[in-house]
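The values are calculated or read from the model by the stated rules, or taken from the named source; none is laboratory data. These numbers come from a predicted model, not from an experiment. Positions of Cβ are generated from backbone atoms using ideal geometry, with glycine treated the same way; all protein chains shown enter the neighbour counts. The protein model used for the area step is the full one, side chains on, heavy atoms only, and it has no ligands, DNA or RNA in it. Shrake-Rupley method; radii C 1.70, N 1.55, O 1.52, S 1.80 Å.
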Amino acid sequence: MIRLAFLLLLIVPTNYAFAEHIFNPEAYAQYLDISQLESEKITFDFDGKSYDIYYGFHGSLDAMGSDDPLPTLHSMNINEERKSIEIIMEDVPEKTDFWIRTPQDVLYAEGEKFTVLVDGVDTGYDLMKFPNDYVVGFILSENTTHIEVIGTRVIPEFGGLAILILAISVTGIIYVIRKNPVLNGWTRIN
């Protein structure tokens, strides 16, 4: 019996997400990638390559075209120091859900464990994974102004310019130490 159960575990595919599910799955029957067709997007350019980040309100196409007032997004930026995407809202008239779809090249979280801060408060989120993208969805309360989705890696991590500057710096230090007679004596071990 135990062998049969073990065999079934190997055969039956499982997909576990580490996010806390906050949306009612019966109310949001359509996947977010379908609603992406009508969603807004922001494009970031790094090292000559463009990355699209889609975002939207509500989780299904049923909400599109409704008379409910939608929030207004003011800006979206990548914060390299905090390894996050920062979103500034201009107006959130009522409690609603919000989602962003970001390529793994832009924002990545080890073990798919993101941190979502809504006005500085750690918030539960839903996560959907696609082959090259993540969709992070969460609920915004009325008058939300600052959202931050934090991962473990964000672009540009170490661009070509940073590596070039490091190489030039190390080469310059070695050159100065070898050519300067005062500093040259410091590096010898007798």
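How far is it, in nm, from the label point at residue 173 to the one at residue 130 when both lie 7 Å from their Cα along the line to the Cβ?
Placing both labels 7 Å along Cα→Cβ, they lie 4.4 nm apart.
Expected output is a single nm value to one decimal: the length gained when fully extending between residue 41 and residue 104, i.e. 0.36 nm times separation in residues minus the C-alpha distance. What is it?
In short, 21.1 nm is gained.
When all protein chains stay in place, what accessible area (Å², nearest 10, 1.4 Å probe) is found for residue 145?
Here the residue's solvent-accessible area equals roughly 80 Å².
Put a dot 7 Å past each Cα toward the Cβ at residue 142 and residue 82; how far apart are the dots in nm?
With each label placed 7 Å out from Cα toward Cβ, I get 2.6 nm.
Between residue 165 and residue 122, what's the calculated FRET efficiency when r is the beta-carbon distance and R0 is 25 Å? Round to 0.05.
The formula returns an efficiency of 0.10 here.
Starting from the Cα of residue 41, draw a straight line to each of the lysines and keep only those under 28 Å, dropping any in the same chain fewer than 8 residues away.
Straight-line reach from residue 41, under 28 Å: 49, 83, 95, 113, 129.
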